Amino acid sequence: MINQLKWTATAVLIVGTAVNSAGYYPLGPLLLVLGGLLWLVVSIQWRDAAMIATNAIMTLTAIGGLAYKWLTTGAL
C-alpha cells in the first residue's frame, strides 16, 4: 500500500511540475499540493522527520500562495 502511494505521489508531483512549468494556473500548484500531501502521508507512515518537515512546509507554502492569490485578486 505505501509503495503504491509513494509512486502515485511521485507521479502527481512530476505531472504537477510539468503543468506548472507550462503555466497552467492554478492546476499546477494544486497538483503540487496534492503530491505534497500524499508524500506527507508516506513520510508520516515512515516516521521520517526530515521528509515530514520538507513535505509539510512545501505543502503549506503552496497552499499559502494559492490563498494569497485568491485573497488579493478574488480568483485563483
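The values are calculated or read from the model by the stated rules, or taken from the named source; none is laboratory data. Being a predicted model, the structure only gives us computed values, none of them experimental. Heads up, the Cβs are rebuilt from the backbone with ideal geometry, glycines too, and the neighbour counts pull from every protein chain shown. Note: accessible area is taken over every heavy atom of the protein model, side chains too, but ligands, DNA and RNA are not part of it. Shrake-Rupley method; radii C 1.70, N 1.55, O 1.52, S 1.80 Å.
So here's what we get for this one:
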item	result
Where chymotrypsin sites (Phe, Trp or Tyr not before Pro) fall in DSSP loop in region 13-52, at most 16 other Cβ within 10 Å	Tyr24
GNM top mover of Ala50, Ala18, Ala62 - the chain, alpha-carbon springs below 10 Å	Ala50
The chain: trypsin sites (Lys or Arg not before Pro) in DSSP coil with no more than 14 other Cβ atoms inside 10 Å	Arg47
The chain - percent of accessible surface contributed by carbon and sulfur, probe 1.4 Å	72 percent
Nitroxide proxy distance, nm - points 7 Å out along Cα→Cβ at Leu76 and Leu60	2.1 nm
Segment Met1-Ala53, length gained on full extension (0.36 nm per residue, minus Cα span)	16.5 nm
Approximate spin-label separation Ala67-Thr10, in nm, with each point projected 7 Å along Cα-to-Cβ	3.1 nm
Using alpha-carbon coordinates, inclination of helix 49-73 to the longest axis of the chain, degrees	10 degrees
Whole-number accessible area per residue in Å² for the chain, which is evaluated in the context of all protein chains at 1.4 Å	65 Å²
The chain, helix-only ellipticity at 222 nm - DSSP H runs n ≥ 4, -39,500 (n - 2.57), divided by all residues, nearest 500	-30000 deg cm²/dmol
